[in-house]
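Computed from the coordinates by the stated procedures, all read-outs in this text should not be read as laboratory data. Treat the numbers as computed from the prediction; the structure is a model and nothing was measured. When we count neighbours, we look across all protein chains shown, and the Cβ atoms used for this are built from the backbone with ideal geometry, even at glycine.
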Amino acid sequence: MRKRRIIIAEDDALIVDDMKVRLESLGYEVSRTTPYAQEAVLLVQGLKPDLVLMDIQLPGEMDGIEAAEQIRPLHVPVVYVTGYCDGPILERAKLTEPYGYIIKPYQTRDLKAAIELGLYKHRAERDRERLVEDALAKVKALSGLLSICAYCKKIKDDEGYWGEIENYIMRHSNASFTHGMCPDCFARLKKQLDELQENGGAGSMVLG
């Protein structure tokens, strides 16, 4: 299995050297390092790493949080490595939906845990997105003119039989259904129940 490739965005050279040694000892590959947030974005665009370790306070017009915002659409997970653990900076960081948060000073086990959890979370999200896309594609495959009864809403299948529309969709896709009651039907049913109660139980109800 290939090594997971990581980009480090950190402006402290001593921390970069220390982090690189720790990551390589854990079996990761450090693709590139940079002290600038803007350059981190460009590196991600060009190298397509598996993960970015991002310091928040970086020199220049862009900080690590702004860089993470630009990296998120590229589908590369970002884990913050920073000395900030509370306050408005943390609140800003949370809005970028990071895949992890490591507080300095850290231990090697902290790095490994945050990276592995970040990679797992990202992989799970991508798998979920693919499942949704596949399901939508199968639902969209239902095309053409479908005969539906204007009164009971049953649908006529290819063999000429009439059945419930949800059964037809379930046979032709991976979709499934649960049944509830919309607000309009609930209001109509409640009105009928109120009228029955006023009439002493005499009368009839239309459920469909």
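For the reader, a short list of remarks on this structure follows.
- Here the simple spin-label model places points 7 Å from the Cα toward Cβ, and for residue 152 and residue 72 these points are separated by 5.0 nm.
- Backbone HN-Hα couplings from phi across segment 105-118 [Karplus 6.51/-1.76/1.60, Hz, Gly and Pro as x]: x, 10, 9, 4, 5, 5, 4, 4, 4, 5, 5, 5, 5, x
- Test item: Cα-centred dipole of segment 147-198, Lys/Arg +1 and Asp/Glu -1 on Cβ, debye: 80 debye
- Separation of the alpha carbons by more than 21 angstrom is noted, of 3/94; 3/112; 48/94; 20/112; 154/191; 48/121, for 3/94; 48/94; 154/191.
- With the alpha-carbon atoms of segment 1-69 aligned to their principal axes, the span from lowest to highest coordinate is 37, 26, 14 Å, starting with the largest.
- Rounded, prolate or oblate (a/c below 1.5 giving rounded, otherwise prolate when a/b exceeds b/c) for segment 5-134 by Cα gyration tensor: rounded
- Calculated P(r) tail over 19 Å for segment 147-198, as whole % of Cα pairs: 50 percent
- Counting DSSP beta bridges with both ends in the chain, the antiparallel % (nearest 5): 20 percent
- DSSP loop GluC sites (Glu not before Pro) with at most 16 other Cβ within 10 Å excluded, longest remaining stretch of the chain: 62-158
- Sorted by Cβ density within 10 Å, fewest first, the residues 170, 62: 170, 62
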